[in-house]
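Have a look at this one before I ask anything.
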Amino acid sequence: MTLRILVLGGGVIGLSCAFELRRRGFAVTVLEQGKCGGQASGAAAGMLAPYSENVEQPDPFFRLCLQSLALYPEWQRAVKETSGLDFEYSETGSLYVMYHEADVQAMQSRRLWQDEHGARSELLGAAELRRLEPHVAPEAIGALRYPGESHVYAPGYVKALEQACRRSGVDIRDGLERADAVRWQDGAEVRSAAGETFRGDALLVANGAWAGLMEAQFGMAIPIYPIRGQICAYETPDMPVRHMVFCSQGYVVGKRNGTLVCGASEDIAGFETSVTRRGIERLTSWNGKLFPFLSGMTPFHEWAGLRPATHDGFPLLGRALGSDSLLFAAGHYRNGILLSPVTAHVIADLLEGRNASGLPLEPFSPERFGVNP
Ligand code: FAD
Ligand code: GLY
């Protein structure tokens, strides 16, 4: 019998899970309150950068990120083939720029453990850095290079995912205003703001920063909250930046469409997705210090999105409340674009009754923050 899965949320996580579940023969309905990809996923810089963005230790989150990066070549091909839409996937590698001799030691200790996990990092001096990125600031003394990191154009990726879902037979119900879970034991039921009821065999909660609002509905602790990221882009038709370039204050990514995306702030502003002068000026000031040619330029586009943060920095992945009918895939914070393929595989495996990834999933248990008695 074909199992029917309701996916709550049409961001990159909900759509990726829907796409993979459909590929494996499930009947899938995505329930989206607004527009698919209209929140954090469409706002992202699209970096697939597990080494640059995990600099402390090889914890389970880092391992999850690595496994997802390895899935990307096949995954993005499948999304393109099924959707018939192309989107940028660039294997540019990245550079983490240093300004002080004191930074070199920190980079060395990072390399020690990251190279054991496939980073293939290279410590570059000033001359080599300038050969690779001629426009970087003269104050930069070197960089750590990660050749295996890549990036996608996030709005294009999410649009193609949505189209891949539609073309493969996923039922996408968007513009629902809001959808609430009303049953998740022995089957699932969700009701929209207009009173429409959707029924399935299981419910996957994949509604990003909004998942924390469902604590009372489910009677369990869901410490997911929005962290706003403000970000901007410059028009640079003769793309002067070749890699993803990080510094301690932010990052710069050149896209194939001639835009240079520069991010991103972190602040708490509830569910507000506007930008502030202060937030954008902080970015533009740092952009100029990294690439002086940006000092005289004004971003042509400024926007913000809400990262779904959790208290311990790990997403919630897996079954909850002792029910076969309730699963979570939410709280991917700064890495949801990177983590989309592995999340889709983990969730589809669980619904098929296995854990093919071989990853320990306990650290991601949705119930780890507590369940109301
Ligand atoms: P979302 O994309 O927010 O989707 C959740 C969806 O659920 C929304 O469409 C919402 O409308 C819907 N929803 C909410 N409540 C309900 C409800 N009750 N009923 C129905 N629908 C509901 N990650 C990377 O890997 N690389 C990057 O370079 C990167 N850069 C980023 C830059 C910025 C500025 C920001 C803000 C984020 C960035 N991220 C990046 C993080 C990434 O964007 C997120 O981790 C990811 O998009 C989360 O995806 P999601 O599907 O969980 O959430
Ligand atoms: N991963 C980049 C960001 O969240 O800004």
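Looking only at segment 133-156, count every residue that is closer than 12 Å to Val97 by Cβ and in contact with a strand residue (DSSP E or B) (Cβ under 7 Å, 6 or more places away or on another chain) and tell me the total.
8
Considering only segment 9-30, state which residues are within 12 Å of Gly200 (Cα to Cα) and crowded, with 24+ Cβ neighbours inside 10 Å.
Within segment 9-30, Val28, Val30 meet the criteria.
Restricting attention to segment 350-373, report how many residues are in a loop (DSSP other than H, G, I, E, B) and at negative phi.
Selection size over segment 350-373: 15.
Sticking with this one: If Leu339 passes every condition in (1) under 16 Å from Pro60 (Cβ atoms); (2) more than 11 Å from ligand 1 (Cβ to nearest atom) but one, which one does it miss?
Among (1) under 16 Å from Pro60 (Cβ atoms); (2) more than 11 Å from ligand 1 (Cβ to nearest atom), the lone unmet condition for Leu339 is (2).
Tell me, which strands (runs of 3 or more DSSP E) lie completely within segment 216-293 with 1 or more residues that are under 21 Å from Gly331 (Cβ atoms) and out of contact with any Asp or Glu (no Cβ under 8 Å at 6 or more places or on another chain)?
Here the list reads 224-235, 259-263.
Let me spell it out: the conditions are (1) without any contact (Cβ under 8 Å) to a residue 40 or more places away in the chain; (2) charged (D, E, K, R); (3) in contact with a Pro (Cβ under 8 Å, 6 or more places away or on another chain), and Arg307 meets all of them except one. Which number is the exception?
It is condition (1) that Arg307 fails.
Now for a different question. Could you look through segment 304-329, keep only residues that are within 16 Å of ligand 2 (Cβ to nearest atom), farther than 11 Å from Ala40 by Cβ and not β-branched (Val, Ile, Thr), and pick out the one that is surrounded by the fewest Cβ atoms within 10 Å (Cβ to Cβ)?
Residue satisfying both the conditions and the ranking: Gly313.
Could you please give the count of residues in segment 93-124 that are of a type in the set (Gly, Ala, Ser) and not in a helix (DSSP H, G or I)?
Total satisfying the criteria: 5.
Another question, if that's okay. Tell me the residue from Ser274, Ser295, Ser248 that is within 16 Å of ligand 2 (Cβ to nearest atom) and among the hydroxyl-bearing types (Ser, Thr, Tyr), please.
Criteria check complete, one pass: Ser248.
Do we have any residue at all in segment 205-217 that's away from ligand 2 (no atom under 16 Å from the Cβ), within 24 Å of the chain's Cα centre (by Cα) and acidic (Asp, Glu)?
Looking for residues that are away from ligand 2 (no atom under 16 Å from the Cβ), within 24 Å of the chain's Cα centre (by Cα) and acidic (Asp, Glu), one finds at least one in segment 205-217, hence yes.
I'd like to verify a number: residues in segment 84-107 that are more than 24 Å from the chain's Cα centre (by Cα), surrounded by 12 or more Cβ atoms within 10 Å (Cβ to Cβ) and closer than 15 Å to Val55 by Cα, how many?
Number of matching residues: 5.
What is the number of the single condition among (1) within 27 Å of Val136 (Cα to Cα); (2) within 14 Å of ligand 2 (Cβ to nearest atom); (3) in contact (Cβ under 8 Å) with a residue 60 or more places away in the chain that Cys262 does not meet?
(3)
Return yes when Ile222 is closer than 27 Å to Val55 by Cβ, of a type in the set (Val, Ile, Thr), under 24 Å from the mean Cα position of the chain (by Cα) and within 14 Å of ligand 1 (Cβ to nearest atom) and no when it is not.
The answer is no for Ile222.
Bear in mind these aren't lab numbers, they're just calculated from the coordinates by the rules spelled out. Bear in mind that the values here come from a model prediction, so they are computed numbers and not experimental data. Here Cβ is always computed from backbone atoms with ideal geometry, including for glycine, and neighbour counts include all displayed protein chains.
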